[in-house]
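**Q** Would you mind keeping the following structure in view while I ask a few things?
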């Protein structure tokens, strides 16, 4: 059995745009329902969504049969937690709140087996290796792991050029909500000053030969980031898609329906 090719890593490395959707319900049924919808990638959110390695495992299994790439976001940049997510079969990780080159370098180390890194050896227990049924997994795994780090503070933006140039960092994801708060513009992620900072950041990441990414659920805003050079862009959020559609549907019929006579 061969190790699966990380098609997401291959695509962004080749400069091919990847369109994604955020999955925050932490439910395998939701993840599977979104899998054949045409997105290139789905973000399984363990930072703001109530996910654990066990619930992520269920969603990885649910999405595996479909032509979509799962990207997993842990709750924090934690070496032991990274090990667990890799072992249950995550190939691409999005690590939140990376502010310094040192933090980014530690996450590179966490995703690699020694001597290239510090990922704990335990392939016989890991779904990632199909419980040692993937031929020579430990010598192939490093090259198929995709590491994305989040720049979402003013400190991260200060260090962005260095972070983006670290070997082993495949992409940098910008967080407009947190960045706007740090810039004194809380609740204004599309403020011109925030967007200007992100546009500069996209240029810096592309100059380093890496992939910039972002979440933008406003269609026009998403297109602006794509036009600016973002390569992996999430354009939808499962919770918002459901709530907005349900609210609009209810409002449509409540506004036209005759009062019920009792």
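Just so it is clear, none of the values below were taken in a lab; they were calculated from the coordinates. A quick note: this is a predicted structure, and the numbers were derived from the prediction, not measured. Please note: Cβ atoms are built from the backbone with ideal geometry, for glycine as well, and neighbour counts cover all protein chains shown.
**Q** If R₀ is 35 angstrom, what is the calculated FRET efficiency for the pair residue 121 and residue 19, using the beta carbon separation as r and rounding to 0.05?
**A** Given R0 = 35 Å and the Cβ-Cβ separation, E is 0.45.
**Q** Measure nothing fancy, just the Cα-based angle from helix 53-63's long axis to the longest principal axis of the chain, in degrees from 0 to 90, nearest 10.
**A** 80
**Q** Next question, about the same structure. Using a basic spin-label model with each label point 7 Å from the Cα along Cα→Cβ, how many nm lie between residue 10 and residue 226?
**A** 2.3
**Q** Please give the length that would be gained between residue 47 and residue 78 if that part of the chain were fully extended, namely 0.36 nm times their separation in residues minus their C-alpha to C-alpha distance (nm, one decimal). Please list the in-between numbers first.
**A** On the way: separation 31, 0.36 × 31 = 11.16 nm, distance 1.19 nm.
That works out to 10.0 nm of additional length.
**Q** Shifting gears a bit: If I fit a long axis through the Cα atoms of helix 238-256 and take the longest principal axis of the Cα atoms of the chain, what angle between them do I get, 0 to 90°, rounded to 10?
**A** 10
**Q** Just check the range 1-133 against the gyration tensor rule for me: Cα atoms, a ≥ b ≥ c as the square roots of the eigenvalues, rounded for a/c under 1.5, and otherwise prolate or oblate depending on whether a/b exceeds b/c.
**A** rounded
**Q** A further question on this structure: Can you give the calculated 222 nm mean residue ellipticity of the chain, where each DSSP H run of n ≥ 4 adds -39,500 (n - 2.57) and the sum is split over every residue, rounded to the nearest 500 deg cm²/dmol?
**A** Details: 12 runs with 114 residues, N = 262.
Here the helix-only value at 222 nm equals -12500 deg cm²/dmol.
**Q** Can you tell me how much longer the chain between residue 177 and residue 256 gets when fully stretched, taken as 0.36 nm per residue apart minus their C-alpha distance, in nm with one decimal?
**A** That works out to 24.7 nm of additional length.
**Q** Any idea what angle helix 192-207 forms with the longest principal axis of the chain, computed on alpha-carbon atoms, 0 to 90 degrees, nearest 10?
**A** Compared with the principal axis, the helix lies near 30 degrees.
**Q** With N residues in the range 85-163, what two-decimal value do you get for its Cα radius of gyration over 2.2 N^0.38 Å? Walk me through the numbers before you get to the answer.
**A** Details: Rg = 14.1 Å, N = 79, 2.2 N^0.38 = 11.6 Å.
This ratio for the range 85-163 stands at 1.22.
**Q** In nanometres, what is the gap between the two model label sites at residue 158 and residue 239, each 7 Å from Cα along Cα-to-Cβ?
**A** Here the modelled spin labels are 3.1 nm apart.
**Q** Also: Mind checking the full-extension length gain between residue 196 and residue 54? Use 0.36 nm per residue of separation minus the Cα-Cα distance, one decimal, nm.
**A** 47.2 nm
**Q** Using 1/(1 + (r/R0)^6) with R0 = 30 angstrom and r between the beta carbons of residue 140 and residue 103, what's the FRET efficiency to the nearest 0.05? Present the calculation step by step, with values, prior to reporting the outcome.
**A** Values: r = 27 Å, r/R0 = 0.89.
It comes to 0.65.
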